[in-house]
Amino acid sequence: MLFRVLDKSEVSSLVAGFALSAEVIGPVRHQGTFVFDEVGSDPSRLCLDYTTTILPPKKYLMPPRETLFGFSTAQNRIEEPKIEAVPRVLFGLHACDINAINRLDEVFLDSEFPDPYYAAQRAATLIVGISCMPDEHCFCTLWGTDEVNRGYDLFLHDIGDRYLVNILSVQAAETLARATHAREAHPEDSAAFQRRQEEFKAAFPEMPDDSGLPMLMDAYYEDTLWDELGARCLSCGACSSVCPTCHCFDIIDVLGPGGDSGTRVRTWDSCCSPDFEVVAGGYNFEATAASRVRHRFYHKFLGYLNRHGEILCTGCGRCEVACKAHINPRAVIDGLQSQAVAARARKVIGDEGQQVPPEGETAGKVGV
């Protein structure tokens, strides 16, 4: 692992260096918030002190709508897929979003059948991360995704008037050396980094108690908690759209005007959609909003964990902002913990020979 120090005044030179051979994407202001957008060789649009963006950077690796191949119904022929990937630099990603991309890599690349479309975009993409300070919606420290040690090419740690640059790829190192006057790191730079890390950790709001979360998920699979959440859920799919790790998709065929040709298209989908699990014959495996909400969080907290050893949430907080029904990971964890506390209280009352209230009645409301 190699470190260099870069003055903040030279960020523009670094961006210009990348822009010579790639499209540069970074956080920019948009209607009072932030979005990832092309900045070209003009770094003045970059807002590197941003909180979070509306959509995560996954849209550049798995676009919301992506043509897989064309076909001819008249000739009964499929066109050879054309996988085009533009050289790109995702500049200014926070640790939580880089960790999210690492999880997408596990789904689309580290499998028996890697996804060629995702693989092409990922191979053509360099990632430059940047440190941040949490806002009231951030809970990445809960999952340990506030730090990242892989999946990027450069990472810029803010240490005042300069950045401590962590270098993980030769290509990025060459651009840094060619475009800037980055210098060797000294003990005072390391000391400034440690102070910044302490400030960062201290800035987080109080975190929920996630102890024993997998066990709680098992214990409360059949629980009134999910009915309460389902009654509030709007089934709009906003949570999936803004989530950096949600990767469900649908595949549709789009016919041309004449009906003799068309394209097969992949689009983002959401497990909270009412028709997400409808199969031939009309049967719906998740017919209620309650079961769909439960399915979503079981995949996030348990299913992905069992398969990959990590929770499929990076604590970016986007879903807290997007969900108008106030259904989010922190609320679910608080709800599960409340159910556990209520269950223990019922057991104590029962052990003392008093009347035990029915299951679910003493549980507190899920945080709103």
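Filter the stretch 53-90 for residues that are closer than 30 Å to C140 by Cβ, open to solvent by 30 Å² or more (accessible area, probe 1.4 Å) and not basic (K, R) and give the result.
Within the stretch 53-90, I54, L55, Y60, P63, P64, A85, V86, P87 qualify.
Being in a loop (DSSP other than H, G, I, E, B) and open to solvent by 60 Å² or more (accessible area, probe 1.4 Å) is the filter here; which residues of the stretch 1-52 pass it?
Scanning the stretch 1-52 gives M1, L20, S21, Q31, G32, S41, D42, D49, T51.
So Y298 fits all but one of (1) open to solvent by 20 Å² or more (accessible area, probe 1.4 Å); (2) in a loop (DSSP other than H, G, I, E, B); what number is the exception?
Going through the list (1) open to solvent by 20 Å² or more (accessible area, probe 1.4 Å); (2) in a loop (DSSP other than H, G, I, E, B), Y298 breaks only (2).
Select from the stretch 151-189 the residues that are open to solvent by 60 Å² or more (accessible area, probe 1.4 Å) and not aliphatic (A, V, I, L, M) and list them in ascending order.
Correct list: D161, Q171, E174, R178, H181, R183, E184, H186, P187, E188.
Scan the stretch 203-242 for residues that are small (G, A, S) and farther than 26 Å from P56 by Cβ and report the count.
Of the residues in that region, 4 qualify.
Among G237, G212, G230, G256, which is touching a Ser or Thr at 6+ places or on another chain (Cβ under 7 Å) and over 22 Å from D97 (Cβ atoms)?
Of G237, G212, G230, G256, the one residue that is touching a Ser or Thr at 6+ places or on another chain (Cβ under 7 Å) and over 22 Å from D97 (Cβ atoms) is G230.
Taking into account only those residues within the stretch 267-290 that are within 19 Å of the chain's Cα centre (by Cα) and part of a strand (DSSP E or B), which is surrounded by the fewest Cβ atoms within 10 Å (Cβ to Cβ)?
Here the residue is T267.
Taking strands (runs of 3 or more DSSP E) that do not extend beyond the stretch 56-133, which have at least 1 residues that are within 25 Å of H157 (Cβ to Cβ) and of a type in the set (A, V, I, L, M, F, W, C)?
It comes to 88-93, 125-130.
Name the one entry in D49, D37 that is over 18 Å from the mean Cα position of the chain (by Cα) and assigned by TED's automatic domain parsing to the domain that holds F155.
Going through D49, D37 in turn, the sole match is D49.
Can you find even one residue in the stretch 139-151 that is more than 23 Å from F91 (Cβ to Cβ), under 21 Å from the mean Cα position of the chain (by Cα), part of a helix (DSSP H, G or I) and among the polar types (S, T, N, Q)?
Yes - at least one qualifying residue is present in the stretch 139-151.
Against the condition farther than 26 Å from I311 by Cα and touching a strand residue (DSSP E or B) at 6+ places or on another chain (Cβ under 6 Å), how does L176 come out, does it pass?
Considered against the rule, which asks whether it is farther than 26 Å from I311 by Cα and touching a strand residue (DSSP E or B) at 6+ places or on another chain (Cβ under 6 Å), L176 comes out as no.
Which of the residues that make up the stretch 307-330 are part of a helix (DSSP H, G or I), of a type outside the set (D, E) and touching a residue at least 24 places away in the same chain (Cβ under 8 Å)?
H308, R318, C319, V321, A322, P329, R330, listed by residue number.
How about the stretch 190-234: which of its residues are of a type in the set (S, T, N, Q), in a helix (DSSP H, G or I) and either over 25 Å from the mean Cα position of the chain (by Cα) or surrounded by fewer than 12 Cβ atoms within 10 Å (Cβ to Cβ) (or both)?
S190, Q194, T224
Taking the stated definitions as given, is N166 assigned by TED's automatic domain parsing to the domain that holds V89, in a strand (DSSP E or B) and more than 16 Å from the chain's Cα centre (by Cα)?
So N166 passes the test.
The values are calculated or read from the model by the stated rules, or taken from the named source; none is laboratory data. Note that the structure is a prediction, hence the values are computed from the model and not measured. For neighbour counting, all protein chains shown are included, and Cβ atoms are generated from backbone atoms with ideal geometry for every residue, glycine included. Remember, those area values only see protein heavy atoms, side chains included, never the ligands or the DNA or RNA. Shrake-Rupley method; radii C 1.70, N 1.55, O 1.52, S 1.80 Å.
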